[in-house]
Amino acid sequence: MILYNSLTHSRDEFKPREEGKVSIYTCGPTVYHYAHIGNLRTYMMEDILDRYLRYSGYEVKRVMNITDVGHLTSDGDTGDDKMLKGAKREKKTVMEIAKFYTDAFFADCKKLNIRIPDVIEPATSCIDDFIRVIEALIEKGYAYEAGGNIYFDTSKLESYYAFHDFNEEDLEVGVREGVEADGNKRNRADFVLWFTKSKFDDQELKWQSPWGIGYPGWHIECSCIAMKHLGEYCDIHCGGIDNAFPHHTNEIAQSEAYLGHEWCRHWMHVLHLNTNSGKMSKSSGEFLTVSLLESKGYSPLAYRFFCMQSHYRKSLVFSYENLDNATTAYNKLVAKIAPLLRGDDGAVDAEVFAQLKKRFTDALDNDLNTSLAVTALYDVLKAKTNAATKLAAIRDFEQVLMLGLIDAAAAINAAEDAEAAAKAAAKAAAAAADPEYARIEALVEARTAAKKARDFAEADRIRDLLAAEGITLIDSAKGTEWKRG
Ligand code: AMP
Ligand code: ZN
């Protein structure tokens, strides 16, 4: 499988350290607010990676953190504390906010068919692990205390700019983004591992540490949680592109300084979902959540389909018009699958199935090209083969795509069946109430047969006969209905 690696800047053949087993770490949500649909694009694409590796036969262990402490509004060490901001906004405690938005995040994941990672770990449950690693970094000379806080000393590293898209200039921009410069830092790129001197007097969550009462910086949590559950090596580390710097750069710095060897070989970054007016935001403009889409009548799985239609390494523009188009395409796809379910009784043609499957795996082996994988789905519908083979292929692809196509198609059939049953019941009731019913039905059928045989004279004769009895015929594409009067 070819997977683009942000660390090497190339499309690399993916090889886990241990044959047949893959360890994945994915940066999780900061639970101070709902996830926006941009965040969820990243989680969906990570879900595709996770599911596709499992589909390909790997044993996958995936870990995700929940950031419930330490993340400031700038990804550097400046700005407000996001959790504190959320708590103040809703007049609740930080832990109440964390619980509420963690649950909301998983509810969104469920709606979007995002598999819950094998391990979910909130930062606040790993404080001892953070302290242990920070102590080791100080001991090894990679961290220092200044003004009460503990900082990572980036000048001690042979190389710091892990994702070499980021040069000195980008870094300066990254630092300038912050509100105020931190005079304690020896080097511009140094970052906080542990805060004791916080600018937030009302910091709610604090812990005892060898350096005084305080709380951890944001970056240390991912390194520690990954190492706690995956050991000294991690095969693939994922996140949105904004995580590459400084977050992932700092994760690599501290993890490799601590371990003394290479930590994670493969890095996958998902490009952003933007709006026509630019960056997606939780604080300005329309706050785009899954619930908002639902309230406007959109299905979460149509949004998943919308995301699958583009490649994760391209930024994607969200607009309602684009989502409408995706919804129309999704509904058409489902409508084509529904009749297949009625004819699912033949044997699967193994050769055709293998050909169809190859198109699908070729697409995903090519750096998770989900839009080509969707094309492979259309190829199934166009294939010259029986319903059983088509359905077997769709069911197979759906283990990865998880678009809910079979369930949605079955729902169409169930609705059709319910409509037909209601009609039959209405007919039976009419027959019971009308002694002439069977005779009139027989005449209507005879007229239909005459028309089919192009015996129009006979058809007209029957119509006139019924008209004389006060019965009107209504012809439509579905057949002929009749009514008295
Ligand atoms: P956060 O909760 O802010 O820590 O972000 C959660 C995840 O969403 C991270 O992996 C981010 O990199 C990612 N992310 C943030 N904004 C976007 C966006 N507009 N589109 C896609 N992913 C995003
Ligand atoms: Zn992280």
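Figure legend. Inter-residue proximity from region 193-208: first residues assigned to a strand (DSSP E or B), second residues modelled with pLDDT under 85, beta-carbon distance below 9 Å, spacing 6+ or different chains. Indicated pairs: PHE195/GLY70; PHE195/ASP77; PHE195/GLN203. Restricting region 88-124 to residues that are among the small types (Gly, Ala, Ser) and out of contact with any strand residue (DSSP E or B) (no Cβ under 9 Å at 6 or more places or on another chain) leaves a set whose member that is farthest from HIS71 (Cα to Cα) is ALA107. Entry remark, region 115-166: residues being of a type in the set (Gly, Ala, Ser), part of a helix (DSSP H, G or I) and more than 29 Å from the chain's Cα centre (by Cα) number 2 in total. Of all the listed residues (ILE114, ILE66, ILE2), the sole one being farther than 25 Å from SER255 by Cβ, within 16 Å of ligand 1 (Cβ to nearest atom), of a type outside the set (Gly, Ala, Ser) and at pLDDT 95 or above is ILE114. Among the residues of this structure, LEU443 does not count as one that is closer than 19 Å to LYS332 by Cβ and in contact (Cβ under 8 Å) with a residue 12 or more places away in the chain. Of all residues in region 209-247, those that are in a loop (DSSP other than H, G, I, E, B) and within 13 Å of ligand 2 (Cβ to nearest atom) total 2.
Of the strands (runs of 3 or more DSSP E) lying entirely inside region 1-114, those carrying at least 1 residues that are of a type in the set (D, E, K, R) and within 16 Å of ligand 2 (Cβ to nearest atom) are 59-66. If the condition is being without any contact (Cβ under 8 Å) to a residue 40 or more places away in the chain and crowded, with 19+ Cβ neighbours inside 10 Å, then region 301-322 contributes ALA302, PHE306.
Looking at ARG54, ARG11, ARG62, which is the one that is under 13 Å from ILE236 (Cα atoms) and either in contact with a Cys (Cβ under 8 Å, 6 or more places away or on another chain) or not assigned by TED's automatic domain parsing to the domain that holds CYS307 (or both)? Being under 13 Å from ILE236 (Cα atoms) and either in contact with a Cys (Cβ under 8 Å, 6 or more places away or on another chain) or not assigned by TED's automatic domain parsing to the domain that holds CYS307 (or both) holds for just one of ARG54, ARG11, ARG62, which is ARG62.
So which residues in region 151-191 are modelled with pLDDT under 60, under 20 Å from ASP80 (Cα atoms) and of a type in the set (A, V, I, L, M, F, W, C)? VAL173, VAL175, VAL179, listed by residue number. Would you please name the residue that is nearest to ligand 1 (Cβ to nearest atom), looking only at residues in region 182-192 that are without any contact (Cβ under 8 Å) to a residue 60 or more places away in the chain and under 36 Å from the mean Cα position of the chain (by Cα)? For region 182-192, the residue satisfying everything is ALA189.
The values are calculated or read from the model by the stated rules, or taken from the named source; none is laboratory data. All figures in this text were calculated on a predicted structure; none of them were measured in a lab. So basically every Cβ, Gly included, is an ideal-geometry build from the backbone, and we count neighbours across all protein chains shown.
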